[in-house]
1. Any idea which residue in segment 184-198 is surrounded by the most Cβ atoms within 10 Å (Cβ to Cβ), counting only those that are out of contact with any strand residue (DSSP E or B) (no Cβ under 7 Å at 6 or more places or on another chain) and more than 18 Å from Asn119 (Cβ to Cβ)?
2. Scan segment 62-81 for residues that are buried (at least 18 other Cβ atoms within 10 Å of the Cβ), aliphatic (A, V, I, L, M) and over 14 Å from Ile112 (Cα atoms) and report the count.
3. Go through segment 199-212 residue by residue and tally those that are among the aliphatic types (A, V, I, L, M) and either in a loop (DSSP other than H, G, I, E, B) or crowded, with 22+ Cβ neighbours inside 10 Å (or both).
4. For Arg104, indicate whether it is basic (Lys, Arg), closer than 23 Å to Val196 by Cβ, modelled with pLDDT of 95 or more and surrounded by 14 or more Cβ atoms within 10 Å (Cβ to Cβ).
5. Which of the residues belonging to segment 120-136 are hydrophobic (A, V, I, L, M, F, W, C) and part of a helix (DSSP H, G or I)?
6. Go through (1) farther than 29 Å from Gly204 by Cα; (2) touching a Cys at 6+ places or on another chain (Cβ under 9 Å) for Ile171 and report which single condition fails.
7. Output the qualifying pairs, or none if there are none: Cβ atoms under 8 angstrom, residues six or more apart or on different chains, first residue in segment 118-140 and more than 12 Å from Trp160 (Cβ to Cβ) and without any contact (Cβ under 8 Å) to a residue 60 or more places away in the chain, second residue surrounded by fewer than 17 Cβ atoms within 10 Å (Cβ to Cβ) and of a type in the set (A, V, I, L, M, F, W, C).
Amino acid sequence: MSDRAATAGRERCRLYLITPERLEPTAFADDLAAALDGGDVACLQLRLKDVSDDEIRRACEVLLPITQARDVAFLVNDRADLAAEMGADGTHVGQDDMTYRAARALVGADAIVGVTCKNSRHLAMEAGEAGADYVAFGAFFPSTSKETSVRAEPDILAWWSDLMELPCVAIGGITAENCGPLVQAGADFLCVISAVWGHGDGPGAGVAALNRAIDANM
């Protein structure tokens, strides 16, 4: 069966946006609205690094209503405690952060908890068996947003999507130009940062370009 034929019977791959590591919430609000109005987006992950808890709270206060108004899930990276406190839809945890079970205990049974699994099939199976709502694989390409020591290949997405119903997220240097093999391999979500926030024609154009690329490869 061809990659294109294999994708024909599944749900459409969707975008999963991650914020820049530093932002001023009020100024970023316009960029976020433009991105979400540029086309289909499933999720926004607030990923702020080396900032205070109050800065994360402030970002949630400003940005969460923008996503809620557009029915886009809002997750807080690494900080399940603040996700629960601020009424976010869930959290994402990495392998060097708190455990899935600790995050789940903080956000509750109904919230989303996603887990980074890098290029490890074993970690993905563990996360799935524990109850994660999705597993994230990567990095698939060099990233300008985060140093990556681990590289993943599209075949891990094909393996997972053939084996499991649990959604998988592809992350790492993904653009409209290079995402085709990931969509064809079975990624349920494409996690993007620079391809949207750094797009030359603005975030809305970045989202639109990625959606066109997804449609071309489904």
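1. Of everything passing the filter in segment 184-198, Ala195 is surrounded by the most Cβ atoms within 10 Å (Cβ to Cβ).
2. Final tally of qualifying residues: 3.
3. Total satisfying the criteria: 2.
4. Spelling it out, it is not the case that Arg104 is basic (Lys, Arg), closer than 23 Å to Val196 by Cβ, modelled with pLDDT of 95 or more and surrounded by 14 or more Cβ atoms within 10 Å (Cβ to Cβ).
5. If the condition is that a residue be hydrophobic (A, V, I, L, M, F, W, C) and part of a helix (DSSP H, G or I), then Leu123, Ala124, Met125, Ala127, Ala130 are the ones that fit.
6. (1)
7. Going by the 8 Å Cβ cut-off, the qualifying pairs are Lys118/Val150; Gly138/Val150; Ala139/Val150.
The values are calculated or read from the model by the stated rules, or taken from the named source; none is laboratory data. Keep in mind that this is a model prediction, so the values were computed, not measured. We place every Cβ from the backbone using ideal geometry, glycine too, and count neighbours over all the protein chains shown.
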